[in-house]
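Note sheet for the following structure.
Bear in mind these aren't lab numbers, they're just calculated from the coordinates by the rules spelled out. If you're wondering where the values come from, they're calculated on a predicted model, not measured in any experiment. Glycine gets a Cβ as well: all are built from the backbone with ideal geometry, and neighbour counts include every protein chain shown.
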Amino acid sequence: MGYDCIVCAKQVPDTKRITGEAMKEDGTVNRAALPAIFNPEDRNALEAALGVRDAHGGTVTLISMGPPSAAEVLREGLFRGVDRAILLTDRRAAVSDTHATSYILSCAIRRLPHDIVFCGRQAIDGDTAQVGPQLAEKLGITQITYLEEPAVLEGRTIRARRNVGSGFELVQADLPVLVTVMESANTPRPPAARRMMKYKKARTAGEVARELGQETGEAAAAAEVERRCQVLAEKGLLIETWDLGTIEADLAWCGRLGSPTKVHRVQWVKLAGGEYREFPATDEGVRELVTELIEEHTFG
Amino acid sequence: MANFFTDNQDIQFLFEHMDPARLAGIMEDGFKYAEQFDHAPADAADAVDNYRRILEALGELAAEQIAPTAEETDLLGNTLNPDGSVSYAPGIAKALKLLAQADLMGFTLPYRFGGLNCPNLVYTMSNEIVSRADAALMNIYGLQGIAETINAFADEAIKAEYLPEMAAGKRTGAMVLTEPDAGSDLQAVKVRGWQDADGHWYAQGVKRFITNGCGEVLLVLARTEPEISDGRGLSLLLVERGPRVKIRRLEDKLGIHGSPTCEIFFDDAPARLIGERQRGLITYVMSLMNGARIGIAAQSLGIAEAAFRVARQFAHSRRQFGQAVENFPALRELISDMQVDIQAARALTYFAAYCVDVEYGALRKLELGGAADPAESRALKAESRRYKRLNGMLTPMSKYCASEMCMRVANGAVAVMGGSGYMKDYSVQRHLRDSRITTIYEGTTQLQIVAAVRGVSSGTANSLVDELLQREPPEELAPLAEQIRSGSKLLEEAVAFVKAQGGTEYMDLMGRRLVDMAVYLVVAALFLDHAVVNDGKKTVLRRWLAVKMPELRMNHEIITSGQRLPMTDFEALAGPVPVTE
């Protein structure tokens, strides 16, 4: 039997490539200065889902909530093998915190068959690790966080190994479940060349309109956009676009309105090197060093 | 993310400069495949975009997933299990899985067999990228020539049975040629291919030094005509891995530890004939070998690039006498010339790969009946003949040039790093060990020279240089073009002198020097072509000429001296054969 898997992926600024302009004056991330990438642990989530499909059959649907540019993440998913890609985009969803984001995602996922929902453990821009668990709560399904190796599926039961920091837990649950996946869980597969050659031409309706506008130098005519989308759809190359209307979301729960998180203050931290202490290479010295590391919470 | 394609400016430049759109036109047969396969490109720009994307994906895979495993693979090697099976090192097994997932194991195969239908040039770039990550992995990845050979020469049933699985990476191959008494001299192959009363083929005998001999699809060179003792008595058999194919031993080697080198006993193993009898060595293996030679040239480039980068970084950060060691003139020269050496071998190898594509294109068009009229057909025939002649020289020349370069650069990298380079803490010692095989397998350096010198002595090198110099260079480069022209005259003189000696002995004795002269000139002419559009290459060309033209004159002097002491006075020069107790 197969399983219907949903993968949530986020397009994030590549925080490994920090430059001087990475942060704006107000302390928020300057997304324009950093390349946008597929959130690394979401790749592991995608691989976990594709692995389930390889072993058991079923489907993998990739959803990315974000600005129109998140279509790139969906194409990357198509290159790697997803069956269906959905862009969830709406201006009214802007500045959603984890609470609003998980609500919006839950509205979308309710409309799709789902045995297992895979999320990356956390995104490298916010590092909250909250969206997965909150999404499970809103869907009313079991959550298994911190998956650190491929899960085992038997009928309607999943067995998984969770990383709990100082050790692991083996847990078992009935489907449907939501799983958050860590980097150590698997090696994400590379894009498959033949799929890449095909799906590099996949577009959202928004992209079709934009490209048409660039060709003609004027606003795209709706009828022509629709015609082109139709051609793409026939070839399986149209990336679906959903908005808050499509998923019948309650606007009071979305965007700024639906986000209880208020940023009080952003503090600049300057990391300065240069200070060091020397410990003698004696038993006493080592004891002193270890004690200090424990006291400063570097260890333990 | 690290990427071995996008971080390499020289490969980037050559990819743009070498007209991949023309090659796409050749490979795509008028872009007719787009109707049949939804991933096939609709036009040249689409195809070139595919090539770039494929190399970018491979570049990331190589840098992020493969390179980090190379050290462990070198340490662990492969394992021959008690049941006769072979387990790859974990890094190699993982890499092969990822390469298969990436659809990269049928790089040049047609779409209908699940391949990517890429030109040889792009495949060559991919071989370099893989080798930079792990030279040993390239020995398995680079065996795609096995599938190409099946595609070119086997019957349709064999193709349909094997090629899709090979393209999917489910089966790997091996070219099974060498025997204990048949190394460079493949005409001496003894493994017997015989037919039973029902016409079924079998292979019997021992092969050794077989790269990936544990693979599933073995192309075995076997004597099917016992009454003919030379190469015409040999045919190519396809043997599948099975109970009658026994891996008896894995060699313990200096380098490329991740590449399993097997001794195989064929115990009357069931076989199938590839193509026609008696053409095994003279047609099929020669074709396979030519592809493999460019593959090894690319492997050499990858190893050298990897070694160079470690040394370049080290020389920049290592301080002695109060400054970075890269500031010392001796190291400046060593490092500069390592880089120029790499670019030279890359220019030559990629050009050879490009010419192979063009020859293939002409042949293919003729084969498919693409010529519009008899005049075009004649032109295509002439083009294919011309490129065949050119490739007959360029293929062994680039294998010779790149593999020797690889050893020099890897050695230089250790020299730059001094004691650190000699330690296993750094990868350059591995690159040095890996480099050593490149001048040996797929035909030793000495054999490449024998093959290349034919073209050099028949004037192919000179006419190629003339052709490359035909385009009037910008004024500032004109004096450099003049230097190349005068060098070309010296090569002509040297060739004429050698020919006047009669026989082949003096030609063989001076072969390396003649081929070196030709390499200096062909590379210079290619650099000149690059320098017209790329400022960095102007400096590279100036340096190349500054060091190679004096060497060219030296070789001219030695050749035209007519001195042949190594032949006439060998005993006196080499001394007596050491007596072993």
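For the reader, a short list of remarks on this structure follows.
- Euclidean distance of C-alpha centroids, the range A:266-298 and the range B:255-320, integer Å: 51
- Segment residue A:257-residue A:112, length gained on full extension (0.36 nm per residue, minus Cα span): 49.6 nm
- With 0.36 nm allotted per residue and the present C-alpha distance subtracted, the residue B:22-residue B:381 stretch has 127.4 nm of extension available.
- Stretching the chain fully between residue B:547 and residue B:190 yields a gain of 123.9 nm (0.36 nm per residue, less the alpha carbon separation).
- Residue A:171-residue A:221 pseudo-label distance in nm [points 7 Å out on the Cα-to-Cβ vector]: 5.6
- Cα-based helix-to-principal-axis angle, A:205-216 vs chain A, degrees rounded to 10: 70
- Counting Cβ atoms of other protein chains within 10 Å of each residue's Cβ and taking the mean over peptide B:94-103 gives 4.
- Alpha carbon centroid spacing (whole Å) that separates the range A:55-124 from the range B:474-488: 61
- The order of the peptides A:170-183, B:294-307, B:107-120, B:534-547 by mean Cβ neighbours within 10 Å, most packed first, is B:294-307, B:107-120, A:170-183, B:534-547.
- Percent of Cα-Cα distances greater than 24 Å, calculated over the range B:282-443: 47
- Cα shape, chain B, gyration tensor, a/c 1.5 rule: rounded
- Between the beta carbons of residue B:535 and residue B:333, assuming R0 = 25 Å, the FRET efficiency works out to 0.70 to the nearest 0.05.
- 3J(HN,Hα) along the range B:179-195: 10, x, 10, 9, x, 4, 8, 6, 5, 8, 4, 10, 3, 9, x, 9, 10 Hz, from the Karplus curve 6.51 cos²θ - 1.76 cosθ + 1.60 with θ = phi - 60°, whole Hz, x for Gly and Pro.
- Calculated from backbone phi, Karplus (6.51, -1.76, 1.60) coupling profile of the range A:21-29 in Hz, x at Gly/Pro: 9, 5, 10, 7, 3, 7, x, 8, 6
- Cβ neighbours within 10 Å from other chains - mean over A:185-192: 6
- Reported value for the range B:1-171: 116 Å³ per residue, from the convex hull of its C-alpha atoms.
- Residue by residue along B:297-310, Cβ atoms of other protein chains within 10 Å of the local Cβ number 0 on average.
- Rounded Å value of the spacing that divides the Cα centres of the range B:108-156 and the range A:202-232: 39
- 21 Å Cα-Cα threshold exceeded, pairs from B:159/B:381; B:94/B:159; B:97/B:246; A:200/B:170; A:10/B:97; B:32/B:365: B:159/B:381; B:94/B:159; B:97/B:246; A:200/B:170; A:10/B:97
- Estimated FRET transfer efficiency (residue B:563, residue B:423; beta-carbon r; R0 30 Å; 0.05): 0.10
- Averaged over residues, the count of other Cβ atoms within 10 Å places the peptides A:38-46, A:21-29 in the sequence A:38-46, A:21-29, highest first.
- To the nearest ten degrees, helix A:40-56 and the longest principal axis of the Cα atoms of chain A are 70 degrees apart.
- Taking the longest Cα principal axis of chain A as reference, the axis of helix A:222-234 is set at about 70 degrees.
- Calculated FRET value between residue B:319 and residue A:164, using beta carbons and R₀ = 60 Å, to 0.05: 0.85
- Kyte-Doolittle mean at least 0.0, axial Cα span of 30 Å or more - DSSP H helices of chain B: B:286-317, B:329-367, B:478-500, B:505-531
- Per-residue packing, averaged as other Cβ atoms within 10 Å, sorts the ranges B:393-401, B:77-85, B:173-181, A:97-105 into the order B:393-401, A:97-105, B:173-181, B:77-85, beginning with the highest.
- Using a simple spin-label model with pseudo-atoms 7 Å out from Cα toward Cβ, residue A:184 and residue B:470 lie 6.4 nm apart.
- Two-site label geometry, residue A:21 and residue B:276: point separation in nm, points 7 Å out along Cα→Cβ: 6.6
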